[in-house]
Amino acid sequence: DPSVPPSGLSCSGCGAELHCRDGAAPGFVPAEKYRSLSEGAAGAAGLRGAVCQRCWLLAHHGRALRLRLPPEQHRLVVSAALRRPPRHGRGPLLLYVLDVMELPDPVLPQLPGLLGPDVPAAGLLVVGNKVDLLPADCPGHLGRLRQRVAAACAQAGLREAPLVDVRLVSAKTGFGLEGLVSRLQRSWRCAGDVYLLGATNSGKSTLFNTLLRSDYCKSRAPDVIDRATVSPWPGTTLNLLKFPIINPTCDRIFRRQERLKEEATKTEDQLSSEEKKYLNHLKKQGYLVGEVGRTFQRQKSGSVVDFDPDMLSYSVDEDPRHSPRKCEEREEFTYNEVKDARWCFDTPGIVKENCVLNLLTEKEVKLVLPTHAIVPRTFILKPGMVLFLAALGRVDYLQGEKPAWFSVVASNLLPVRISTLTNADDLYKKHAGQELLKVPMGGEERMKEFPPLVPQDITLKGIGTTEAVADIKLSSAGWVAVTAHEEEKLLLRAYTPKGTALVVREPPLLPYISAIRGARIAGTAAYRTKKPPSLVENLKTTGRK
């Protein structure tokens, strides 16, 4: 209904202004629903806490509405937010969230330009997210990952920026989150507001939601602030979402440390049945798991039963009458609670250019983005053999003296197919868009609009049969780690869809990944897969496997 003016209130899931004027614009609520919420006694305030149609469909049905939102708009929202006048006499602390699987992060080099000389940042804390998805290829692999993130920051020109720390976490499983909260609380005296920055799909909104249920926010915040909408669809957050940060006084820090010490003495056997169930659920999803607790819980008053004796009396000819439920009043912060508060903001993700996800439908994105611990798949190929990662990437082994090992690190739902050079083109023409290669899906009609694969020649020299020499990163679809005999020269040709980025990552992210494999499957190029065990961070080990 274009005649109804915008509400002036934001969607609690993505931050867009709520309205019913244009169904293709961010923040749209169907007119009938909009009126039912806004025309009650509360007026427009009845929309407070509501979510737009897009967030509703994402959260409840996994459907993504395509909106008319240019990528540059995300960048403008972030840039404008960072240029706000400093509050409390201090510049903002920037919490840059990157997906460790996407290294080198495509947006990180843009960060100095996004900040500009007129943003007096108090510091930059870089958080490598989604470490739970990657298997440990050797002892100390997290230390090496942290070094890779720090190197990416230096390569992006952030040497001069006030980089205060690099942390590895999993916003989904809670690994590393308690340590991150402690690190953020130590920055209280030298920083103002906190901004979560990063590329789309880096996990900012998931981290925002986890921090909202931690010791980092005011104790009443989870009852007042709604959680951000989380989905695999790029660009879910469209505007700023925020929660107030708790002041880490000496007493609060002491009580928090006491809780952490007590929890560190527990074993898995001492957990309740519900806690064990949730822990096992997380173990299936990631290799690294951690518990995020709360020290400062708000004591809720017991619920009062509204008893009406007349409601118990009715004849056999009529149904029980239900009195209309009183509209529950939504909790709000008082002025005094937030007048001097510092806030943690979730910002829109900066859209990655040359990314294969931009070419995919919502169903295809769900298959490509890994949500569970990745099980590496290793193949031994001779010259003249070809590896397909769905229909999104291809690696040809053109020349070499000996066989080499190709380890695929990608979503477990994406198929890997092995062919020969003579049959590879026919296989792609016949099965791209079909079940054998799975993504893209939709048959010949889908492949007519999908960009063709374009090649890039790659020359590598092996460093030994136990250590990969490089990763061939097929945009955001995953990567192939190549392991070859020492001094063995390989000529490869890798393909990705036209307009997407193909990166040769040296050194590789997981150099010993080919060791995570079972026995060779007779008569094939494949090895049996092997899934390493999960590690729980905050619990005392019992010595059992």
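The values are calculated or read from the model by the stated rules, or taken from the named source; none is laboratory data. From a predicted model like this one, the values you see are computed outputs, not experimental measurements. Neighbour counts are summed over all protein chains in view; Cβ atoms, including those assigned to glycine, are modelled from backbone coordinates with ideal geometry. Just the protein is used for accessible areas: all its heavy atoms, side chains included, with ligands, DNA and RNA removed. Shrake-Rupley method; radii C 1.70, N 1.55, O 1.52, S 1.80 Å.
Using the Cβ-Cβ distance between residue 375 and residue 21 with R0 = 41 Å, the FRET efficiency computed as 1/(1 + (r/R0)^6) comes to roughly 0.30. How would you classify segment 131-195 from its alpha-carbon gyration tensor, with a ≥ b ≥ c the square roots of the eigenvalues: rounded for a/c under 1.5, else prolate if a/b is greater than b/c, otherwise oblate? In terms of gyration-tensor shape, oblate.
Extension gain, residue 487 to residue 399: 0.36 nm times the residue separation minus the Cα-Cα distance gives 30.3 nm. Counting only residues at least eight positions apart within a chain, or on another chain, the lysines with an alpha carbon under 27 Å from that of residue 33 are 242, 326.
Fully extending the segment from residue 213 to residue 155, taken as 0.36 nm per residue of separation minus the present Cα-Cα distance, adds 17.5 nm. Taking every protein chain into account, the accessible area of segment 459-511 amounts to 34 square angstrom per residue (probe 1.4 Å). Estimated from the Cβ-Cβ distance and a Förster radius of 35 angstrom, the FRET efficiency linking residue 190 and residue 258 is about 0.85.
Is the C-alpha gyration tensor of segment 430-529 telling us rounded, prolate or oblate? Criteria: a/c under 1.5 is rounded; beyond that, a/b larger than b/c is prolate, otherwise oblate.
Oblate is the answer for segment 430-529, as a/c is 1.5 or above yet b/c matches or exceeds a/b.
Label zone of residue 412 (point 7 Å out along Cα→Cβ, amide N under 13 Å): in segment 365-388 this covers 370-377.
Shape analysis of segment 362-533 based on the Cα gyration tensor places the equivalent ellipsoid semi-axes at 24, 18, 15 Å, largest first.
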